[in-house]
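Remarks on the structure that follows.
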Amino acid sequence: MDAPARHLRLLTETIAAVNSTLDLEEVLALVARKVAEALDTEACFVYLYDEAADELVLRATHGTAVEAMTRRPKMRPGEGITGSAAAERAPIMIPAQAHLDPRFKGFQNLAEDQYESILAVPILAREKLAGALNVRTVAPREFTQDEIDLLLAIAAQVAQTIQHAKLYSDAQQRVVELEALARISEAVSESLYLEESLEAIVRTTVDAVGATGAALVLEDGKIAWPEGRAGSQAVRLPLRWKGRQIGELVCDRDTPFTDQERALLSSIAHQAAVALEHSRAVMRGVLAQEIHHRVKNNLQTVASLLRLQARSADAGDPRKALDDSANRILAIAAVHEVLTERRHDDVELSELLDRLRAMLVQGLGSAKRIDAELEPISLAGNRATALALVFSELFQNALEHGGEAIRIELGRDPRTRSVRLSITDDGPGVAEVPPGTGLSIVDALVRDELRGTLDLQSNGGLRVEVSFPA
């Protein structure tokens, strides 16, 4: 077979091989191997042009394993023999002692000086630089013009294949990015719990860019969700909502982040900001609903107490009736205040009774000696409201009608597992207990709201005990 026919066959076979896949790494590896075989050379080096960095980066080799290199060789167009071919957009052939050429550029991890000859050509896609490649031989060799033309033809066809592979690679990367953003959006929209949303965002971030670790840092400096470990390279992206920074997305890796990866992380940071505000809005809505529910119930209780006061047969002194109603409303307000401060549905009774005691003593201007022994006991908000009203009525009665000393006790009965509240004074006893509205309210609340019992004992004073299931 004559040389032109053989070269045509080699060209056809090489192009068919490199067009058999769209995976960029496979394409480049096939180019290096097939070109070396087509021209019967010991080595082939394929460089791709990074336009953003204005660098030629070694991406594939035949004769030397590029994967084993700790750092990929890079050169600017015009540097080295291959860089000169790229800059001049023309082939360069040196038949012997190529390493002595003044344009030669050596790399510590690339043993090019073992080769005598070199033929380097640019890879051009529609006159635009896409890369460069060279073939090397150990023995001196004068490449013929036909061989130079063959390598130029292969490079021209390879340029198109590389462009297609790059487009395919970019498309695959976009799919990965869109899938990552879709997973984050799904987690944000489906979960009402902030912690679940943040966990999904951070884990997806690590997977999407192959990070060693990531974390979301809130505006107060608190790390909301850390994952993995720190790396030598880190990127911090602000979480912005309506022009205000509400946190940061921190991502770590041992290798630098590309512009494309930074763009993806920026999109993830935006999703994280949406997740934060979404969860906060949900919580504000839940809190508003809970407050509305509590206020409505408290207002209904106030209305019931006022109706009971209005129907009472002993409502002779309007001022006294108003003062009593005001104290009952303040008792309800005290429960609401404790619930708001603690931000959950249980009320610490010892704290509540201390507040009510101070409020009533100050309101009545009493100078009586008061002794209190209160165990730490929690009670649900609606039952705590009932107990606050019961305590206010009984304690106010002791302040107004009892003797000089009052003792308050709150504790659990270990036998019955019930809660007991007792108020004892050294006054005249049961005979002086007014049988009016206050006692009716206490009796109704203990029976209907607390599901408990009310007991009055007179023995050198008055002891009132309320017992109800914990």
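Only residues that are over 9 Å from the mean Cα position of the chain (by Cα) and open to solvent by 30 Å² or more (accessible area, probe 1.4 Å) were counted in region 199-211, giving 2. Taking the listed residues A125, A139, the one that is open to solvent by less than 30 Å² (accessible area, probe 1.4 Å) and modelled with pLDDT of 75 or more is A125, with no other qualifying. Residues in region 408-435 that are under 15 Å from S458 (Cβ atoms) and at pLDDT 80 or above: S422, I423, T424, D425, D426, G427. Residue-level check: of (1) among the small types (G, A, S); (2) touching a Leu at 6+ places or on another chain (Cβ under 9 Å); (3) within 29 Å of A52 (Cα to Cα), A230 misses just (2).
Listed by position, the strands (runs of 3 or more DSSP E) contained in region 215-275 that have at least 2 residues being basic (K, R) are 233-241, 244-253.
Within region 107-122, being open to solvent by less than 50 Å² (accessible area, probe 1.4 Å) and of a type outside the set (S, T, N, Q) holds for F107, L110, E112, Y115, E116, I118, L119, A120, V121, P122.
The set of residues in region 50-66 that are modelled with pLDDT of 90 or more and open to solvent by 30 Å² or more (accessible area, probe 1.4 Å) comprises D54, E55.
Consider only pairs whose beta carbons are under 8 Å apart and that are at least six residues apart or on different chains; among these, list those whose first residue lies in region 22-39 and is within 19 Å of R9 (Cα to Cα) and whose second residue is open to solvent by less than 60 Å² (accessible area, probe 1.4 Å) and aromatic (F, W, Y). Final answer for the pair search is A32/F45; L39/F143. Does any residue of region 19-41 turn out to be at pLDDT 90 or above, in contact with a helix residue (DSSP H, G or I) (Cβ under 8 Å, 6 or more places away or on another chain) and open to solvent by 30 Å² or more (accessible area, probe 1.4 Å)? Within region 19-41, not a single residue is at pLDDT 90 or above, in contact with a helix residue (DSSP H, G or I) (Cβ under 8 Å, 6 or more places away or on another chain) and open to solvent by 30 Å² or more (accessible area, probe 1.4 Å).
Might you check whether a residue that is basic (K, R), outside any strand (DSSP E or B), within 20 Å of V31 (Cβ to Cβ) and open to solvent by 60 Å² or more (accessible area, probe 1.4 Å) occurs anywhere in region 79-90? So far as region 79-90 goes, yes, one or more of its residues are basic (K, R), outside any strand (DSSP E or B), within 20 Å of V31 (Cβ to Cβ) and open to solvent by 60 Å² or more (accessible area, probe 1.4 Å).
Every condition in (1) over 20 Å from V361 (Cα atoms); (2) at pLDDT below 80 holds for T385 except the one numbered (1).
The values are calculated or read from the model by the stated rules, or taken from the named source; none is laboratory data. As the structure is a computational prediction, the values presented were derived from the model and not from experiment. Every residue, glycine among them, receives a Cβ derived from its backbone with ideal geometry; neighbour counts consider all protein chains shown. These accessible areas exclude ligands, DNA and RNA; they are computed on the full protein's heavy atoms, side chains included. Shrake-Rupley method; radii C 1.70, N 1.55, O 1.52, S 1.80 Å.
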